[in-house]
Structures are given as structure tokens and as C-alpha cells.
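First comes the structure, then the notes that go with it.
The values are calculated or read from the model by the stated rules, or taken from the named source; none is laboratory data. Here the structure is a predicted model, which is why all the values come from computation and not from measurement. Because the Cβ atoms are built from the backbone with ideal geometry, glycine has one as well, and the counts that use them run over all protein chains shown.
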Amino acid sequence: MHFVTGTIGRRKKLHFGNPSLPLQLAGVPPYPMKLNQSVVRKILEKHELSVAQLIQVQAALNSPLMIFKSASVPAARLLLTPIPANEKSIVIAIHPGGKMGQTTVSEVKSIHPRPAQHILLWMENGLLIAADKQKCQPWLEDRSRYNSERYLAMAGRAKPLISEQQSQGKSRGIRL
């Protein structure tokens, strides 16, 4: 946990794992996912997330509730996690295709809390790529109280993300 104390270099990249098959099927290339130390500092200071939340993010990276296209960066993907932060939800922005020496990586460019209104707007703008329909249902029902049927229908049309528990014995869908 040298990144917490700030004793490693600003440009040091932390390995955040490799994308799962569901992430790859949603457009995240199979490159190692890296996170700059400078981004960690921004997460802890500016976005006021805790180290515990950052550790949860790494664990939740391969099992998001929903995956979105970015409206501003064509190849980027936005992953909605189930992790709450001050009545918002934590979103991970991944930009694939960066270079680290000779190695191609997917950079975790940002980890930040977003209000539900932003996520619902992304859905309305057609940016939703994939959804874990079971896990996102309670999230959508809670955050879109008056229009939950509409948003559940949008999630229902997205590519399915299926967790290992859900997919036992099934060969279809995307497995987390």
C-alpha cells in the first residue's frame, strides 16, 4: 500500500488485473489494466474516496452492474459498480490502447462517484452496452423510482452480463 503513503513515483502504474471475458465482450481489449499513481491521489483527495473503497473498486472491476460507451472518448468504457459513495455510485473509466514501454495497456483513467441522474441519462442517450440484469434491477428500482419500468426495459435490451452463480449449467450469455 505504498500508493496510500505517496512513497511511489507519480508516474508509477499499478496493475489492476486483466479484463474478464464479459469486459472483453463489451469492448475492453484483453490488455492489462493499469492505474497511475497520480490518479490514485486524485481519487483519494479530490473525489474523497477512501482506501477501502479503492480496494472494493479493484474487486468490483470485473463484475460491474452496467457497462457504457463513453460519449466523449470513442474506445473508452464506463463501468458502473455497486459501490456507494455519498449517495452516488462509483464509476470506473477505462481507456484501452495506451502504451507502457512496449506493452499495450488499458488505463483506468478515473474512478469517481456519479449521481444516478448521470447514469440514467447515459441510458437515455443509448450509451448502455451491457447489464447484469439481476444485479442492476435493485439499483435501477431504487434510483429511478417513478420511471423504473422504463429503465429496466432499457437494461433488458442491453447485452446480458451473467455472473458465475447465475450461469451454472448454461452456455449462453456473458460470464463474470
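Do we find a residue being part of a strand (DSSP E or B) and either among the acidic types (D, E) or modelled with pLDDT of 85 or more (or both) anywhere in the stretch 37-53? The answer is no, given that none of the residues of the stretch 37-53 is part of a strand (DSSP E or B) and either among the acidic types (D, E) or modelled with pLDDT of 85 or more (or both).
Within the stretch 92-151, restricting attention to residues that are in contact with a Leu (Cβ under 9 Å, 6 or more places away or on another chain) and among the acidic types (D, E), the residue that is nearest to M66 (Cα to Cα) is D132. Which of the residues that make up the stretch 64-99 are in a strand (DSSP E or B) and loosely packed, with under 14 Cβ neighbours inside 10 Å? Correct list: P84, G97, K99. How many residues are modelled with pLDDT of 90 or more and either in contact with a strand residue (DSSP E or B) (Cβ under 7 Å, 6 or more places away or on another chain) or among the small types (G, A, S) (or both) if we restrict to the stretch 140-152? Total satisfying the criteria: 0. In the stretch 159-176 there is at least one residue matching the filter, namely being out of contact with any Asp or Glu (no Cβ under 8 Å at 6 or more places or on another chain), modelled with pLDDT under 90 and crowded, with 19+ Cβ neighbours inside 10 Å. In the condition set (1) among the aliphatic types (A, V, I, L, M); (2) more than 27 Å from L44 (Cβ to Cβ); (3) at pLDDT below 90, M123 is compliant with all but (3).
For the stretch 15-32, filtered to residues that are in contact with a Leu (Cβ under 7 Å, 6 or more places away or on another chain) and either at pLDDT 85 or above or part of a strand (DSSP E or B) (or both), the residue that is surrounded by the fewest Cβ atoms within 10 Å (Cβ to Cβ) is G17.
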